[in-house]
Amino acid sequence: MSKKPAQSPALNDDIGEDTRLELYRSQVNIREAEQRAFDLFLQNLVKGTSHLSLGQEAVAAGFAVAMKKGDLSFCTYRGHAHTLARGVPVEKVLGELMQRDNGLMRGKGGSMHLTSEEHGVMGSYAIIGAHLPIACGAAWRAQYKKQDDVSVCFFGDGTTNIGAFHEALNFAAVWKLPVVFVCENNLYMEYTPIADVTAVPSPAGDRASAYGLEKIVIDGNDADVVYRAALKAYDKARSGGGPSLIECLTYRHSGHSRADPAKYRPEGELEKWKERDPIKIYRERLKAFGIGDDVIAKIDADVKRVVDEATEACKASPNPPMSILTTDVYADGGFAWRN
Amino acid sequence: MAELTYRDAVIRGIAQEMARDEDVVFLGEDVAKAGGVFKATVGLYEQFGSLRVRDTPISEQAILGAAMGAAMTGLKPIAEIMFSDFFAVCFDYIANEFPKSRYMTNGQTKCPLVVRTGNGAGSRFGAQHSQSVENWCMMIPGLKVVAPSSPIDVIGLLAASVRDPDPVIFLEHKSLYATKGEVPDGEILDKLGTAKILRPGKDATIVALALMVPRALAAAEKLAKEEGIDCEVIDVRSLVPLDTQTILASVAKTHRCFSVEENPRLCGWGAEIMSIIADEAFYDLDGPLVRITTPHCPLPAADILEDAILPTVDRIADRVKRTLQA
């Protein structure tokens, strides 16, 4: 089985200019914010750990832009991209990475747990596989209450080898839940090539048949391809057709986490994938549709300005106050366990 | 008023809450059409239908994960894990997901769910189907932990657990399912975090939980009859929240305290209570704080061995007597 992605469909206008500009803006926004996070880490302003999606932006943008308001995203610790793609302000994300009081969770969650329920971001989960069953539960609620939202669950190739993945896929299929499982296959589980530790060539796609699902493996670096696959899966979920499992072939330009210089890559691999940089691909796509350089340059400049402003706001933000140290352990707002 | 088994009290408690609130749903292995392996959910499927009472695959992670996702988004799920020993295969949800989501998200995420499970020894099932795992749960900030000892408490505390906005681990004792008790008609709603004094006494306080409650009561009767020792027996009922005030007030009166714990000795729930007494009521004490527990040992299958390893009525009575007479 080759890792060759499916061919991009011919340029056509089923997506439309407004959506394409939104897809582009979303990808550039993620790229700019994550690049900034990396820079801030080098300045020792991003603490703890962080896991970047540089190079994987088309997956987050494509799935998020195809969502309706009310659809729910469940992310992994590599969740900055998916959080930003749902419209969470850059300042809130960078603030959380910098563990400041202006962060999304005021520093109580950190980089690996970005959550913004008002944007439909129902959490970033740092235990591999944990959120697949949780997404099933949210989808069960939609099914039970006859609500038409879809739960979309993002995870990496490494997740396909943990038990919760298989429990969730079977459960979702048996209960016909409106959930879409999105595997971002970036070729490395963490530091180890996924092919070295997986019995089948397509870690998600080749498991689909075990759960009665269609094998779907797409080019995860082409936002149009991702967007179309997302729409199709969401329609299926909303119309009672049950879950989908979509494997998106992509590549992360950075290491697994900030601690990883990614020296395990074969020479030339990164460069080869950078030729298929999703933002580069999409910029060319926009031009092919006759969208002017000035429009593209304005989006780039707008995004950069917002990220610059967010960076300054985060630097100016105080640390979280001690008053929140033990709040929200229980629903009464506190942490009392005895009388 | 009717006499009900602990098992039927589980059914009545779940039914009471499902009838009250359509957002209460119930899932687990063999719980719907089969009525549960302990027959503690018989009739719920017929009464509430296949959308609300659902059989799952043998997928404990999927059960608890689905319960959490449903709870986060508006339902009030009751999930059954058949044997509490199986918590070990889905502990991520119990330890990492349910209890930490609210805190990590700065209060955004809610998790109002109940995990019911068959806990405890006495069924001759051996080391992996007999454990008392209340201490596994008690140590995790963000969880509530409840373990009733009587049919009326099963209903009232289950109702309180379902209505509670936090994740509650509800430990039913397998060896109590067949026991009976008087239960009034109509809705029953109890309160978490309240211990119950089941037998007032003046010479020593005995705190106990679940199956150890009837044993502590029997030991107290034996001590009264044979030794003239008058023990106060407290059913702790709720480990988190913990009703320390009832226990401390009792110790202030009796000046002695014993715990009777089915969990293995190390880090058992009684250790926490004893440390609170030592810290806050040291000068009330006339003697050592004594824990009567299952030893630091896996549980054997053979009936004669299993009976010997748990705290028995005789062992409890003997230990209290020797301590008071020392």
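Taking a temperature of 4 °C and a viscosity of 1.567 mPa s, what whole-number D in µm²/s does Stokes-Einstein yield for the protein assembly as shown with Rh from Kirkwood over alpha carbon pairs? Taking Rh from Cα pairs, D becomes 48 µm²/s. Per the accessible-area calculation with a 1.4 Å probe, the total area buried between chain A and chain B rounds to 4000 Å².
Can you bin the stretch B:196-325 into rounded, prolate or oblate? Criterion: square roots of the alpha carbon gyration tensor eigenvalues sorted a ≥ b ≥ c, rounded for a/c under 1.5, prolate for a/b above b/c, oblate for the rest.
Working: a/c = 1.73, a/b = 1.27, b/c = 1.37.
In terms of gyration-tensor shape, oblate.
For the stretch B:78-94, a decrease in accessible area of 10 Å² or greater in the assembled protein chains relative to the isolated chain, with a 1.4 Å probe, applies to B:Asp92, B:Tyr93.
By the rule of a C-alpha distance below 18 Å, with chain neighbours fewer than 8 residues away ignored, the aspartates and glutamates paired with A:Lys304 are A:Glu22, A:Glu32, A:Glu34, A:Asp39, A:Glu57, A:Glu91, A:Asp293, A:Asp294, A:Glu312. Percent of Cα pairs in chain B per distance bin of 10 Å, from zero to the largest separation: 6, 27, 34, 23, 9, 1, 0.
With bins 10 Å wide beginning at 0, the percent of Cα pairs of the stretch A:162-259 falling in each bin runs 15, 45, 32, 8, 0.
Counting Cβ atoms of other protein chains within 10 Å of each residue's Cβ and taking the mean over peptide A:108-121 gives 3. Each Lys or Arg adds one and each Asp or Glu subtracts one; over the other residues with Cβ under 11 Å from the Cβ of B:Glu80, this totals -3. Within the full protein context, the accessible area of A:Thr192 is estimated at about 50 Å² for a probe radius of 1.4 Å.
Would you compute, from DSSP H runs of 4+ residues alone, the mean residue ellipticity of the protein assembly as shown at 222 nm, taking -39500 (n - 2.57) per run and dividing by the full residue count, rounded to the nearest 500? Working shown, then result.
Numbers: 21 runs with 251 residues, N = 665.
My calculation for the protein assembly as shown gives -11500 deg cm²/dmol from helical runs alone.
Considering only DSSP beta bridges whose two residues both sit in the stretch B:2-183, what percent are antiparallel, to the nearest 5?
Values: 4 of 26 bridges.
If we restrict to bridges inside the stretch B:2-183, about 15 percent are antiparallel.
Among A:Ala237, A:Ala195, A:Ala66, the largest mean-square fluctuation in a Gaussian network model of chain A (Cα springs under 10 Å) belongs to A:Ala195.
Could you work out what % of the accessible surface of the stretch A:238-339 is carbon and sulfur, using a 1.4 angstrom probe and leaving DNA, RNA and ligands out of the count? Before the final figure, lay out the partial values.
Working: 2980 of 5290 Å².
C and S atoms contribute 56 percent here.
Of B:Glu46, B:Glu17, which has the most accessible area and how do the rest follow, probe 1.4 Å?
Heavy-atom accessible area, descending, gives B:Glu46, B:Glu17.
Counting only protein heavy atoms and using a 1.4 Å probe, the accessible area of A:Trp175 comes to about 10 Å².
Beta bridges from DSSP with both residues in chain B: antiparallel share about 20 percent, rounded to the nearest 5. Carbon-plus-sulfur accessible fraction, chain B (probe radius 1.4 Å, protein heavy atoms only): 55%.
Take the stretch A:289-339 with all the other protein chains still there, run a 1.4 Å probe, and you get 57 Å² of accessible area per residue. The ellipsoid that matches the Cα gyration tensor of the stretch A:17-324 has semi-axes, each √(5λ) in whole angstrom, of 28, 22, 21, with the longest given first. Computed with every protein chain present, the accessible area of B:Leu4 is close to 30 Å² [probe 1.4 Å]. Based on the alpha-carbon gyration tensor of the stretch A:79-212 and its eigenvalue square roots a ≥ b ≥ c, which shape applies: rounded if a/c is under 1.5, prolate if not and a/b is larger than b/c, or oblate? Verdict is oblate for the stretch A:79-212. Only beta bridges with both residues in the protein assembly as shown are counted; by DSSP, about 15 percent of them are antiparallel. Based on protein heavy atoms only, the stretch B:196-325 ends up with 41 Å² per residue of surface accessible to a 1.4 Å probe. Using a Gaussian network model of chain A whose springs link C-alpha atoms within less than 10 Å, name the residue from A:Asp328, A:Asp101, A:Asp206 with the highest mean-square fluctuation. Fluctuation is largest for A:Asp328.
Largest GNM mean-square fluctuation among A:Leu97, A:Leu40, A:Leu132, using chain A with Cα springs under 10 Å: A:Leu40. Near B:Gln325, once Lys and Arg are set to +1 and Asp and Glu to -1 for all other residues with Cβ below 14 Å from its Cβ, the sum equals -1. If only the Cβ of Lys and Arg carry +1 and only the Cβ of Asp and Glu carry -1, the dipole of the stretch A:191-324 around its Cα centre is close to 240 debye.
List the pairs from A:Lys236/A:Lys280; A:Lys92/B:Lys100; A:Lys145/B:Lys110; A:Lys145/A:Lys232; A:Lys108/A:Lys236; A:Lys145/B:Lys191 whose alpha-carbon separation is above 26 Å, in the order I gave them.
Values: A:Lys236/A:Lys280 31 Å; A:Lys92/B:Lys100 20 Å; A:Lys145/B:Lys110 18 Å; A:Lys145/A:Lys232 23 Å; A:Lys108/A:Lys236 37 Å; A:Lys145/B:Lys191 29 Å.
Distance filter (> 26 Å) returns A:Lys236/A:Lys280; A:Lys108/A:Lys236; A:Lys145/B:Lys191.
For GluC sites (Glu not before Pro), no site in the stretch B:189-231 is both called loop by DSSP and has at most 10 other Cβ atoms within 10 Å. The stretch A:320-339 and the stretch A:270-313 have Cα centres separated by 43 Å.
The values are calculated or read from the model by the stated rules, or taken from the named source; none is laboratory data. Bear in mind the structure is a predicted one, so any value in this text is a computation, not a measurement. For neighbour counting, all protein chains shown are included, and Cβ atoms are generated from backbone atoms with ideal geometry for every residue, glycine included. Accessible surface areas use protein heavy atoms only, side chains included; no ligands, DNA or RNA. Shrake-Rupley method; radii C 1.70, N 1.55, O 1.52, S 1.80 Å.
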